[in-house]
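Before I ask anything, let me first share the structure, which is written out below as structure tokens.
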Number of protein chains: 2
Amino acid sequence: MTTIAKEMKELARKGKKASRVLQSITHEQRKEILMAIAHNLRINKTDIKHANAKDLAAAKEMDLNSALLDRLELNDDRIDGMIKGVEEIAEQPEVVNSFSHEFTNEAGLTIKRQRVPLGVILMIFESRPNVVVDCAALALKSSNAIILKGGKEAKHSNEILGNIIQTSIEKFIPKETVQVLASDQRELVNELLNEKENIDVVIPRGGHRLIEFVSENAKMPVIAHYNGLCHMYIDNKADLKKASDLVINAKTQRTGVCNAIESLLVHKDVLNEFAPHITKELQAKSCEIRADKTFIESANTKLTEATEQDWDTEYLDNILSIKTVSNIDEAIDHISKHGSFHTEVIVSEDAENQNRFLNQVDASCVMINASSRFNDGGQLGLGAELGISTTKIHAYGPMGAEQMTTSRYVVVGDGHIRA
Amino acid sequence: MTTIAKEMKELARKGKKASRVLQSITHEQRKEILMAIAHNLRINKTDIKHANAKDLAAAKEMDLNSALLDRLELNDDRIDGMIKGVEEIAEQPEVVNSFSHEFTNEAGLTIKRQRVPLGVILMIFESRPNVVVDCAALALKSSNAIILKGGKEAKHSNEILGNIIQTSIEKFIPKETVQVLASDQRELVNELLNEKENIDVVIPRGGHRLIEFVSENAKMPVIAHYNGLCHMYIDNKADLKKASDLVINAKTQRTGVCNAIESLLVHKDVLNEFAPHITKELQAKSCEIRADKTFIESANTKLTEATEQDWDTEYLDNILSIKTVSNIDEAIDHISKHGSFHTEVIVSEDAENQNRFLNQVDASCVMINASSRFNDGGQLGLGAELGISTTKIHAYGPMGAEQMTTSRYVVVGDGHIRA
């Protein structure tokens, strides 16, 4: 066994051991632990920004695009946002150990379900360093130990956030409850994906290659948080004023996020009116358009022609691919081929078309006349989120603390035997 | 691509296509389809028994043990049981398409969750042919298409049941909604495990080797239904009369099933009284005992000594391994090393020990003073079951029709954009 293999085995084992200790802490203790993290983030703001500046400088040298730089940045507002998130999670009702569904069966046994943690969660993510704090807080809330492996772009930011968290929790619980791996060695991940004895689930959150790699190699269950190749379909029965506002918001309000749209599908009947208008609006927001020939003709201006690859590209940038469709079925078909089961939107005033879209589109969130940007845990009523699951099993859509648990059966008898 | 690879790709693709048609059937149609299956099972009883007799004859030639033969047999009672199960599922309330958790968020959007099917389920199972009927009915109830791959021992039985089901459903929905693979070619499974585009989840239900193989090779999510290496722990605070009844019931009431106990853990303080008594009782039921030295001494009779391997063996037969433990922690430790996350029982009148066991034992079902045989969907209030999941994610414990679905978000706005 290599040194790294040994280290990762040990790390997973310590995570498992910590997860057992976690099961006996009270709501008050949990709150105290989370508040300690919030406090230490607050008093270490300057150091956090200093570490983040190193990552930003390196990223600029590597010529990362503006959307990726935006994802990476930790400014005062964002650090305050993280702190507020932790405090909110601390105040929320307890998630684990509650009993439900209690009943007495025919044999006279008391049967109930108990909400229990998953155990040890391995999270592999790209870019945004705030993920470290959000996910550590959610793991503590749901009584799970967590191992966080971020991308190398955020190395210094992730490292300092991990240190602050461990320092905050170690007087209450084993510091290995939250372990952050800031090293960028791929071998670490390979080894961790073998540790099925001690890691209960792995959540990869990122692009195609990461998800594929983890799904192919993990020996434990995987809940994939794939990227958001989200579409908005403008129906022939759409209110074009609403459509225009929705496209601009869904594409340009924030571009480096998974719930921004990447592809716009436009019904041919509205092209003449809609194409010139939306082109102008998008260009006013500096958005780069890559469209099919039909759309470009109707837009009546020079635009880049989309290639086949564009329909499969999550730009995470201020770029939008646009395709003309002959009818709603062509739109649904395109989504079933190119969508990533994340967020899909129809803009239409017609109830029949809305329902057709709803019934035939498979995605964790289907929206009617609303911006895709609303698909996040906060907006959908879950509070803070670990990410957005595009795997159908266990959790489909935003995952909050509750989705980081499972339920088991508890049966209480008095010597009952089965007849 | 080999011929088998092509055939399996086509089979999965047809399953996916069928699953789309399923989404638009009504509760009444669903009931009619299930009742047609029940009817056709009833009028084809003789043929079913005839096919089953071929499997039983082959199994006897192969010298399968009595518990396995018992699992394989389809007699009148069992066929009637399958029919009754289908009829009950037909009468149960609708599972899919319902909306819940509806609320209006701050932005004024209507947000709700919709229960939706998983899509196409691949089920790989061993032995019991009734699984074909139970799982096909549950798949239809939950609007999923299903591909059922059974073991070669049950080849003829599975084949006829699959044919009866397809004949029953094909005038309502595509017959590929339920596809039964009776061939015993391993290559079929290899190919199906690659079909992640069209198969949404694979459920292996069986022993260690099957679960390992599927977990290592499947490209889609896996919900493992591992075997039941279930323990019963007799505490020093146990009521030994109850303990004796519980051991006999949990071990001998039916031996070829996953919720029978395989290992008994006995506190050393009760050995003198309990060992001779339970040995006599078990032997009266023809149960073979494999015990540690300490137990054998106390039992005061000649017994086979258990080897290390016994602690890891699911006999699925009338055999019980018995180990003496010095205290409850040793029992918990043994379970955490050798248990299969299925069903674990403590027999104790002491509330503190009951709670210690409950809090520290990780299993989909933890029981206090009750027979492990109660862990099934019917007894725990779920109705018919697909099997018992020992995977923590998605479903932990018995899986009924509801556990074969997921929920997604539906968001309805009127041009709402995110500020």
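Hey, does segment B:348-359 have a residue that's in contact with a helix residue (DSSP H, G or I) (Cβ under 8 Å, 6 or more places away or on another chain) and part of a loop (DSSP other than H, G, I, E, B)?
Within segment B:348-359, the subset in contact with a helix residue (DSSP H, G or I) (Cβ under 8 Å, 6 or more places away or on another chain) is B:348, B:353, B:356-357.
Next, from what is left, pick out any that are part of a loop (DSSP other than H, G, I, E, B): B:348.
Checked segment B:348-359: at least one residue is in contact with a helix residue (DSSP H, G or I) (Cβ under 8 Å, 6 or more places away or on another chain) and part of a loop (DSSP other than H, G, I, E, B).
Let me spell it out: the conditions are (1) surrounded by 24 or more Cβ atoms within 10 Å (Cβ to Cβ); (2) facing chain A (nearest Cβ under 7 Å); (3) in a loop (DSSP other than H, G, I, E, B), and residue B:395 meets all of them except one. Which number is the exception?
Of everything listed in (1) surrounded by 24 or more Cβ atoms within 10 Å (Cβ to Cβ); (2) facing chain A (nearest Cβ under 7 Å); (3) in a loop (DSSP other than H, G, I, E, B), residue B:395 misses just condition (2).
Still on this structure, I have one more. Test each condition in (1) buried (at least 16 other Cβ atoms within 10 Å of the Cβ); (2) within 14 Å of residue B:165 (Cβ to Cβ); (3) of a type in the set (A, V, I, L, M, F, W, C) for residue B:43 and report the one that comes out false.
Every condition holds for residue B:43 apart from (1).
Take the residues in segment A:364-374 that are in contact (Cβ under 8 Å) with a residue 60 or more places away in the chain and at the interface with chain B (Cβ under 7 Å from one of its Cβ atoms), then tell me which one is surrounded by the fewest Cβ atoms within 10 Å (Cβ to Cβ). Spell out how you get there, then give the answer.
Pass one, segment A:364-374, residues in contact (Cβ under 8 Å) with a residue 60 or more places away in the chain: A:369-374.
Filter again for at the interface with chain B (Cβ under 7 Å from one of its Cβ atoms), leaving A:369-371, A:373-374.
On the way: A:369: 23, A:370: 32, A:371: 30, A:373: 25, A:374: 26.
In this case the residue turns out to be A:369.
Here's something else I'd like to know. Given the criteria modelled with pLDDT of 90 or more, assigned by TED's automatic domain parsing to the domain that holds residue B:251 and surrounded by 24 or more Cβ atoms within 10 Å (Cβ to Cβ), does residue B:401 qualify? Write out each step before concluding.
Numbers: modelled with pLDDT of 90 or more: yes; assigned by TED's automatic domain parsing to the domain that holds residue B:251: no; surrounded by 24 or more Cβ atoms within 10 Å (Cβ to Cβ): yes.
Against the criterion (modelled with pLDDT of 90 or more, assigned by TED's automatic domain parsing to the domain that holds residue B:251 and surrounded by 24 or more Cβ atoms within 10 Å (Cβ to Cβ)), residue B:401 does not qualify.
Still on this structure, I have one more. Quick one: would you say residue B:344 is touching a strand residue (DSSP E or B) at 6+ places or on another chain (Cβ under 7 Å), within 14 Å of chain A (Cβ to nearest Cβ) and either closer than 30 Å to residue B:71 by Cα or modelled with pLDDT under 90 (or both)? Explain how you work it out, then say what you get.
On the way: touching a strand residue (DSSP E or B) at 6+ places or on another chain (Cβ under 7 Å): yes; within 14 Å of chain A (Cβ to nearest Cβ): yes; either closer than 30 Å to residue B:71 by Cα or modelled with pLDDT under 90 (or both): yes.
Judged against the criteria, residue B:344 is a match.
Next up: What is the residue count in segment B:11-55 for residues that are away from chain A (no Cβ under 14 Å) and either at pLDDT below 95 or under 30 Å from residue B:76 (Cα atoms) (or both)? Steps first, please.
Residues of segment B:11-55 that are away from chain A (no Cβ under 14 Å), as a first pass: B:11-12, B:14-15, B:18, B:27-55.
Applying the additional criterion that residues be either at pLDDT below 95 or under 30 Å from residue B:76 (Cα atoms) (or both) yields B:18, B:27-55.
Within segment B:11-55, residues that are away from chain A (no Cβ under 14 Å) and either at pLDDT below 95 or under 30 Å from residue B:76 (Cα atoms) (or both) number 30.
Can you pull out every residue in segment A:375-392 that is more than 9 Å from every other protein chain (Cβ to nearest Cβ), out of contact with any strand residue (DSSP E or B) (no Cβ under 6 Å at 6 or more places or on another chain) and of a type in the set (Ser, Thr, Tyr)?
A:390
Quick check on my filter: what residues within segment A:250-272 are of a type in the set (Gly, Ala, Ser) and assigned to a helix (DSSP H, G or I)?
To start, the set of residues in segment A:250-272 that are of a type in the set (Gly, Ala, Ser) comprises A:250, A:256, A:260, A:263.
Listed by number, the list holds a single entry, A:250.
Then there's this: Which of (1) at pLDDT below 90; (2) at negative phi does residue A:387 not meet, given it meets every other one?
Checking residue A:387 against (1) at pLDDT below 90; (2) at negative phi, the one that fails is (2).
If residue B:142 satisfies every condition in (1) of a type in the set (Ser, Thr, Tyr); (2) within 14 Å of chain A (Cβ to nearest Cβ); (3) more than 20 Å from the chain's Cα centre (by Cα) but one, which is the exception?
It fails just one condition, (3).
Can I ask one more? When you check residue A:323 against the structure, is it more than 18 Å from residue B:411 (Cβ to Cβ), surrounded by fewer than 23 Cβ atoms within 10 Å (Cβ to Cβ), more than 11 Å from every other protein chain (Cβ to nearest Cβ) and among the charged types (D, E, K, R), yes or no? Working first, answer last.
Numbers: more than 18 Å from residue B:411 (Cβ to Cβ): yes; surrounded by fewer than 23 Cβ atoms within 10 Å (Cβ to Cβ): yes; more than 11 Å from every other protein chain (Cβ to nearest Cβ): yes; among the charged types (D, E, K, R): yes.
The answer is yes for residue A:323.
Related question: Among the numbered conditions (1) within 14 Å of another protein chain (Cβ to nearest Cβ); (2) under 27 Å from the mean Cα position of the chain (by Cα); (3) not small (Gly, Ala, Ser), tell me where residue A:418 comes up short.
Only one criterion is unmet by residue A:418, namely (2).
In segment B:398-419, how many are more than 30 Å from residue A:374 (Cα to Cα), out of contact with any helix residue (DSSP H, G or I) (no Cβ under 8 Å at 6 or more places or on another chain) and in a loop (DSSP other than H, G, I, E, B)?
0
For residues that are among the charged types (D, E, K, R) and under 19 Å from residue A:231 (Cα atoms), scanning just segment A:297-316, find the one that is surrounded by the most Cβ atoms within 10 Å (Cβ to Cβ). Before the answer, list the steps.
From segment A:297-316, those among the charged types (D, E, K, R) are A:297, A:302, A:305, A:308, A:310, A:312, A:314; that's our starting set.
Next, from what is left, pick out any that are under 19 Å from residue A:231 (Cα atoms): A:305, A:308, A:310, A:312, A:314.
Working: A:305: 11, A:308: 7, A:310: 21, A:312: 15, A:314: 18.
Among those that are among the charged types (D, E, K, R) and under 19 Å from residue A:231 (Cα atoms), it is A:310.
Mind checking which residues of segment A:216-249 are in a helix (DSSP H, G or I) and either facing chain B (nearest Cβ under 9 Å) or surrounded by fewer than 24 Cβ atoms within 10 Å (Cβ to Cβ) (or both)? Walk me through it before giving the result.
To start, the set of residues in segment A:216-249 that are in a helix (DSSP H, G or I) comprises A:216-217, A:240-249.
Selection gives A:216, A:217, A:240, A:241, A:242, A:243, A:244, A:245, A:246, A:248, A:249.
Right, something else. When only residues in segment A:195-212 that are at pLDDT 90 or above and away from chain B (no Cβ under 12 Å) count, which is surrounded by the fewest Cβ atoms within 10 Å (Cβ to Cβ)?
My answer is A:195.
I've got another one for you. Pick out the one residue from B:294, B:252 that is within 14 Å of chain A (Cβ to nearest Cβ) and surrounded by fewer than 24 Cβ atoms within 10 Å (Cβ to Cβ).
Numbers: B:294 fails: within 14 Å of chain A (Cβ to nearest Cβ).
Within the list B:294, B:252, the selection yields B:252.
The values are calculated or read from the model by the stated rules, or taken from the named source; none is laboratory data. Predicted model only: the values in this text are computed from it and were never measured. Here the Cβ is made from the backbone with ideal geometry for all residues, glycine too, and neighbour counts use every protein chain on show.
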